[in-house]
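The values are calculated or read from the model by the stated rules, or taken from the named source; none is laboratory data. Quantities reported herein were computed from a predicted structural model and do not represent experimental measurements. Cβ sites come from the backbone with ideal geometry, for glycine too, and all protein chains shown count toward neighbours. SASA here: full protein model, heavy atoms, side chains in, ligands and nucleic acids out. Shrake-Rupley method; radii C 1.70, N 1.55, O 1.52, S 1.80 Å.
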Amino acid sequence: MKIVKASEFKAKCLGLIDEVSAKREPIIITKNGKPVSRLVPYQQKPASFFGLHHGVIKSHDDLIGPLDETWEADR
């Protein structure tokens, strides 16, 4: 995580914003050696949770097919 003085941030603001957007890493802004703010990349929230992990989680089983096991409730 990059740390930048407030005076440097003021002089290079637009370039730092582009850097955060490109690298997707936050920047800590300090004043008198103490952290006062954090510049983070913007993330748009999905409209719904349905399909949020589409393509990320994969299953190789048939999740909705019948099982070959007899359950206690079926006996």
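Maximal additional length on extending the residue 2-residue 32 stretch stands at 9.2 nm, based on 0.36 nm per residue less the C-alpha distance. Taking only protein heavy atoms and a 1.4 Å probe, the accessible area of the chain is 55% carbon and sulfur.
Might you report the magnitude of the Cβ-based charge dipole of the chain about its Cα centre, with Lys and Arg at +1 and Asp and Glu at -1, to the nearest 20 debye?
Values: 12 positive and 10 negative charges, 259 e Å.
Approximately 1240 debye in magnitude.
Pick out, in residue order, every one of the trypsin sites (Lys or Arg not before Pro) in the stretch 1-41 that is DSSP loop and has at most 12 other C-beta atoms within 10 Å; say none if there are none.
Numbers: sites: 2, 5, 10, 12, 23, 24, 31, 38; in loops: 24.
In loop regions of the stretch 1-41 (DSSP not H, G, I, E or B), the sparsely surrounded trypsin sites (Lys or Arg not before Pro) are 24.
Computed from Cα atoms, the angle from the helix 6-23 axis to the main principal axis of the chain rounds to 30 degrees. Between 63, 14, 39, the Gaussian network model of the chain with springs among Cα atoms under 10 angstrom shows the greatest mean-square fluctuation at 63.
Extension gain, residue 24 to residue 11, is 2.6 nm, computed as 0.36 nm per intervening residue step minus the present C-alpha separation.
Here the sum of -39500 (n - 2.57) over DSSP H runs of 4 or more residues, divided by the residues of the chain, equals -8000 deg cm²/dmol at 222 nm, to the nearest 500. Summed over the residues of the chain and divided among them, the accessible surface reaches 98 Å² per residue at a probe radius of 1.4 Å. Which residue, 36, 56, 20, tops the fluctuation ranking in a GNM of the chain built on C-alpha contacts under 10 Å? The residue with the greatest mean-square fluctuation here is 56. Bridgeable lysines around residue 10 (alpha carbons under 23 Å apart, same-chain partners fewer than 8 residues away excluded): 2, 23, 31, 34.
Here's the picture: charge each Lys and Arg Cβ at +1 and each Asp and Glu Cβ at -1 in the chain, and of 73, 15, 53 the one pushed furthest to the positive end of that dipole is 15.
Kindly identify the chain as rounded, prolate or oblate by the Cα gyration tensor criterion: order the square roots of the eigenvalues as a ≥ b ≥ c, call it rounded if a/c is under 1.5, otherwise compare a/b with b/c, prolate if a/b is larger, else oblate. Prolate.
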